[in-house]
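The values are calculated or read from the model by the stated rules, or taken from the named source; none is laboratory data. From a predicted model like this one, the values you see are computed outputs, not experimental measurements. Don't worry about glycine lacking a Cβ; one is built from the backbone with ideal geometry, like all the others, and counts go over all protein chains shown. Surface areas here come from the heavy atoms of the whole protein model, side chains and all, with no ligands, DNA or RNA. Shrake-Rupley method; radii C 1.70, N 1.55, O 1.52, S 1.80 Å.
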Amino acid sequence: MRTLALDIGNTAVKYGCFEADVLVESATGQTPEQVRAAVARLRPEHGIVASVAEPTTAWATELRQQVPGQVLEFAPAATPLPIANAYATPHTLGADRLAAAVGAAWLLPARTVLIVDAGTAIKCDLVEGGHTFRGGSIAPGLSMRFQALHTFTGRLPLVTHLTDPAAPVPLTGDDTQSAIRSGVMNGAVAEVRGLLADYEARYPGLAVVLAGGDAAFFRARLKGPIFVIPELVLIGLHRILVHHVST
């Protein structure tokens, strides 16, 4: 079965095409025209659309004109899942967080997994025992922190990421830009390290998965065995679609 997963994020539109559970092609930063062309070329049998930024209706309607099988609009509070969802308010839960949890549970069966999805926001989410999504935490991502310092002060400049995610960030900045980088980037790493330490103390044998656009930055600074799976959300969406089609 060939499927297409479409993830409408806060900063980018991504798609992934799967053939028998294997991701054969993916792309990010896509326009509607680029997605349309990719669907025409890849010819998926079924599709799934998820969004944290806008309603899925228009995207799903467009996809249904090209896809012969089912096109699922993923709704965390209503769509059947291959794992249990213990979140107290599923109607407020971001589709990306739940999809990442499904992906992690499928890739690491029977494991308790902490997902660190470092993108627009830094989301740390727990999947317990490979079968239950428990929830987690949401904090501003790196770009949002840089933007906030610039927007909510009178004179601080807008500073951006380092080009090389593995490049060292000074602990003590000796000018305003390097001081901002130290605060934002070293502070975010310290925050994630602290959360990891707390989760590892509570869940011995915890598996850690890194995803999102800033995964490479955090991987270079976190210790221990960590799985880096940039396309985790797309993988989870694909597995949700397979579960839906097969039931």
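Some observations on this one:
- Whichever residue in the range 162-195 is polar (S, T, N, Q) and assigned to a helix (DSSP H, G or I) and, among such residues, is surrounded by the fewest Cβ atoms within 10 Å (Cβ to Cβ): 176
- Taking the listed residues 63, 72, the one that is open to solvent by less than 60 Å² (accessible area, probe 1.4 Å), over 20 Å from residue 126 (Cα atoms) and part of a strand (DSSP E or B) is 72, with no other qualifying.
- Residue 67 being free of Cβ contacts under 8 Å to residues at least 12 places away in the same chain and among the β-branched types (Val, Ile, Thr): no
- Of all residues in the range 108-125, those satisfying the criterion of being open to solvent by less than 10 Å² (accessible area, probe 1.4 Å) and either closer than 25 Å to residue 13 by Cα or in contact with a His (Cβ under 6 Å, 6 or more places away or on another chain) (or both) are 114, 115, 116, 118, 122, 124, 125.
- Restricting the first member to the range 91-106 and to residues that are among the aliphatic types (A, V, I, L, M), and the second to residues that are open to solvent by 10 Å² or more (accessible area, probe 1.4 Å) and in a helix (DSSP H, G or I), the beta-carbon pairs closer than 7 Å and six or more apart or on different chains are 99/233; 100/233; 102/239.
- Residue pairs meeting the criteria (Cβ under 6 Å; at least 6 apart or on separate chains; first part of a loop (DSSP other than H, G, I, E, B), in the range 196-218; second of a type in the set (Val, Ile, Thr)): 203/112; 206/112
- Residue 38 vs. criteria within 25 Å of residue 92 (Cβ to Cβ), open to solvent by less than 20 Å² (accessible area, probe 1.4 Å) and assigned to a helix (DSSP H, G or I): no
- If the condition is being under 22 Å from residue 141 (Cα atoms) and either in contact with a strand residue (DSSP E or B) (Cβ under 7 Å, 6 or more places away or on another chain) or modelled with pLDDT under 95 (or both), then the range 97-117 contributes 97, 98, 99, 100, 101, 104, 113, 114, 115, 116, 117.
- Any hit, the range 103-119, residues being part of a helix (DSSP H, G or I) and out of contact with any Phe, Trp or Tyr (no Cβ under 9 Å at 6 or more places or on another chain): yes
- Out of 110, 84, 105, 99, one residue alone is in contact with a Leu (Cβ under 8 Å, 6 or more places away or on another chain) and either under 26 Å from residue 207 (Cα atoms) or of a type outside the set (Gly, Ala, Ser) (or both). It is 99.
- Looking only at the range 76-86, and only at residues there that are assigned to a loop (DSSP other than H, G, I, E, B) and in contact with a helix residue (DSSP H, G or I) (Cβ under 8 Å, 6 or more places away or on another chain), the one that is farthest from residue 236 (Cα to Cα): 77
- Subset of the range 1-35 (residues that are open to solvent by less than 30 Å² (accessible area, probe 1.4 Å) and in a loop (DSSP other than H, G, I, E, B)): 9, 12
- Any hit, the range 85-94, residues being open to solvent by less than 70 Å² (accessible area, probe 1.4 Å), out of contact with any strand residue (DSSP E or B) (no Cβ under 9 Å at 6 or more places or on another chain) and not small (Gly, Ala, Ser): yes
- Scope the range 150-161; condition open to solvent by less than 70 Å² (accessible area, probe 1.4 Å) and of a type in the set (A, V, I, L, M, F, W, C); matching residues: 156, 159
- Condition met for residue 49 (touching an Asp or Glu at 6+ places or on another chain (Cβ under 9 Å) and open to solvent by less than 50 Å² (accessible area, probe 1.4 Å)): yes
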